[in-house]
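Undergrad: The structure under discussion is supplied below as structure tokens; questions concerning it will follow.
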Number of protein chains: 2
Amino acid sequence: MTDDEKFLVHPELTVEKTVGFMYDNALDVIAIGFNPEKTVIFSDFKNIEAQYEIAMRVAKRVTFSTVKAVFGLEDSSNIGIIFFPAIQAVPCFLESVQTGKNVPCLIPAAIDQDPYWRVTRDIAPKLGYYKPAQIHCRFLPGLGKGGKMSASLPETSIFTTDSPEAVERKISNAFTGGKPTEKEHRKTGGDPAICTIYYYFNYLFEENNDKMRELERGCRSGENICGECKRVLAERVKKFLKEHQRKREKARDVVEDFFLK
Amino acid sequence: MTDDEKFLVHPELTVEKTVGFMYDNALDVIAIGFNPEKTVIFSDFKNIEAQYEIAMRVAKRVTFSTVKAVFGLEDSSNIGIIFFPAIQAVPCFLESVQTGKNVPCLIPAAIDQDPYWRVTRDIAPKLGYYKPAQIHCRFLPGLGKGGKMSASLPETSIFTTDSPEAVERKISNAFTGGKPTEKEHRKTGGDPAICTIYYYFNYLFEENNDKMRELERGCRSGENICGECKRVLAERVKKFLKEHQRKREKARDVVEDFFLK
């Protein structure tokens, strides 16, 4: 869910808060190392002038029937969230409009954003532009049972702004594939397939495939116990976040350079 | 129907054309004599940056059920026209937002725009602003039978850019309350209640009530014949338009001063 989508769904959110989320996300993007020469960040609210005409061209060609069917909207949905797919489509065409050339667009996004690009692909030829292409990011699971991560359950997510203490607490409370007692675990082994700690290593904090296989073997055999896995993961997360947060603070000095002019 | 509403309803219209209509309308407004010190003209497309946040605050509080019921929209309506009432509501709150004070808003508009302000009145208190008030302009009837004026039937309307020849032609072809023959007319009299020429005098080109009463009496008695009424009206319209078109050309030099900064 993008920041502006959040704003339209949650009546308690203000424009200031959503622009704040956008700004915070921009700091993370910059801290990760995106090249300012090749990166443009824009906000629906701050940069609407560049986007509105394109959004209107899209909106004229998308019916309520379509957004109802695609997004499960209803008659009781507000007209902002109904219109939103038109705004969401804009990045697919913005560079084409700004450069006056037909520029193909590849969108890396989580799969929950997929329906927006499908609607956009349907109308792209009517606007005279290439259909956008997409590449799906994997969902990073949360730390709770079932792997769901939710901003409304902050203990199930590690935020890029979390303190070392918060990281330790969240990881030590994470749901794992371990057995209720150490004795049972040693005897029958754990289940990495349902373990959020294993996911974190696999997706983010262990790049070496041999070491991942060794982690899995050690878990299934009962050799590795959960507390040790958690301790190693917490160290790596804290190390990463310490460096990330340093870069993130430095990003405040240059963030305006990244925004669409 | 406002320019942007037209754009969203008619797929063949381009943004450039609707901005063109807006610019042309602005020239007429200035030519009529609006004071630049007290007048701000803005366009949904040119000035969206000042309007989008307000439109989003409105849009969050208006459902599709409401716009469906109020404007007769359907599932097959495009999501731009569904969203449009949120944009149309913006002028009611723009000055309040820009000045940081709660400024009451009075809207002079034709009655076909009334539903927009009714929807806006419903949500104004939720945004913390005064409900807008409205004053309805009279519909100026067209020159065709039944008094309907339509941009798609240009012979039924006199445009502010029409040539003297066009004015004469349109008025000479106008529908009147006269009888088929002069003989019959002289005998039984005409009917000013259905006469478009009479309407034009009444609404725009004869301010003196005594003279209007005399016009009506002369028509009903058969003393006045249609050709003469048309000749007098055409002279007044041509005289007005000659002066208006001169001011309208001069307005091109100052039109940018009127636009929202």
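Please treat every number below as a calculation from the coordinates, not as lab data. This one's a predicted model, so the numbers in the text were calculated from it and none came from an experiment. Backbone-built Cβ (ideal geometry, glycine too); neighbour counts: all protein chains shown.
Undergrad: What does the average come to when, for each residue of peptide B:79-89, you count the partner chain Cβ atoms lying within 10 Å of its Cβ? All intermediate terms of the calculation are to be shown ahead of the outcome.
TA: Numbers: counts 18, 10, 5, 9, 12, 4, 1, 4, 3, 0, 0.
Per-residue shielding by partner chains comes out at 6.
Undergrad: Something else about it: Dipole size in debye (nearest 20) for region A:145-249 around its Cα centre, Lys and Arg Cβ +1, Asp and Glu Cβ -1?
TA: On the way: 21 positive and 17 negative charges, 19 e Å.
Using only the charged Cβ atoms, the result is roughly 100 debye.
Undergrad: OK, next. Which Cα, out of A:HIS244, B:THR66, A:SER172, lies furthest along the positive dipole direction of the protein assembly as shown (beta carbon charges, K/R +1, D/E -1)?
TA: Result: B:THR66.
Undergrad: List the residues whose amide H sits under 5 Å from the amide H of B:GLN134, counting only those 5 or more places along or on another chain, with H placed 1.01 Å from N in the peptide plane.
TA: The list, which skips near neighbours in sequence, is B:ILE107.
Undergrad: Please compute the contact order of chain A in relative form: average sequence separation of alpha-carbon pairs under 8 Å and at least six residues apart, divided by the residue count, as a percent.
TA: Working: 295 pairs, mean separation 48.9, N = 261.
With pairs under 8 Å counted, the relative contact order is 19 percent.
Undergrad: Shifting gears a bit: What relative contact order, as a whole-number percentage, does region A:123-261 give when Cα pairs under 8 Å and 6 or more residues apart are counted?
TA: Details: 140 pairs, mean separation 29.9, N = 139.
Dividing the mean separation by the residue count of region A:123-261 yields 21 percent.
Undergrad: For A:LYS38, go through the lysines and keep the ones whose alpha-carbon is under 27 Å away, minus same-chain ones fewer than eight residues off.
TA: Filter leaves A:LYS46, A:LYS101, A:LYS131, A:LYS242, A:LYS247, A:LYS250, A:LYS261.
Undergrad: For region A:78-102 and region B:102-128, write down the distance between their C-alpha centroids in whole Å.
TA: Cα centroid of region A:78-102 versus Cα centroid of region B:102-128: 29 Å apart.
Undergrad: How many nanometers, to one decimal and shortest first, lie between the label point of B:ASN173 and those of its other copies, if labels sit 7 Å from Cα toward Cβ?
TA: In ascending order, 8.0 nm.
Undergrad: Follow-up question, since we're still on this one. Would you please give the residues with an amide H less than 5 Å from that of A:PHE259, counting only those at least 5 places away or on a separate chain, with H modeled from the backbone geometry?
TA: Counting only residues 5 or more places away or on other chains, the set is A:ILE41.
Undergrad: Given the options B:LYS101, B:LYS145, B:LYS179, which has the most mean-square fluctuation in a GNM of chain B, springs set between C-alpha atoms less than 10 angstrom apart?
TA: Evaluated over chain B, the most mobile residue of the options is B:LYS101.
Undergrad: Moving to a separate point now. About its Cα centre, how strong a charge dipole does the protein assembly as shown have in debye, to the nearest 20, once Lys and Arg get +1 and Asp and Glu get -1 at the Cβ? Display every interim value, and only then the final one.
TA: Numbers: 76 positive and 74 negative charges, 103 e Å.
Here the size comes out at about 500 debye.
Undergrad: Among B:PRO91, B:PRO141, B:PRO154, determine the one that fluctuates most according to a GNM of chain B built with springs between C-alpha atoms less than 10 Å apart.
TA: Result for chain B, Cα springs under 10 Å: B:PRO154 fluctuates most.
Undergrad: Which one of A:ILE225, A:CYS195, A:LEU215 has its Cα pushed farthest toward the positive end of the charge dipole of region A:183-236, where Lys and Arg give +1 and Asp and Glu give -1 at the Cβ?
TA: Checked the options; the winner is A:ILE225.
Undergrad: Work out the charge dipole of region B:124-257 with +1 on the Cβ of Lys and Arg and -1 on the Cβ of Asp and Glu about the Cα centre, then indicate which of B:GLY144, B:THR160, B:ALA234 is farthest towards its positive end.
TA: The one lying farthest along the dipole's positive direction is B:GLY144.
Undergrad: If you place +1 on the Cβ of every Lys and Arg and -1 on the Cβ of every Asp and Glu, how big does the dipole about the Cα centre of chain B come out, in debye to the nearest 20? Don't skip to the end; give the middle numbers.
TA: Working: 38 positive and 37 negative charges, 125 e Å.
Rounded to the nearest 20 debye, it is 600 debye.
Undergrad: Mind jotting down the distance between the C-alpha centroids of region A:185-261 and region B:26-68, whole Å?
TA: Here the answer is 51 Å between Cα centres.
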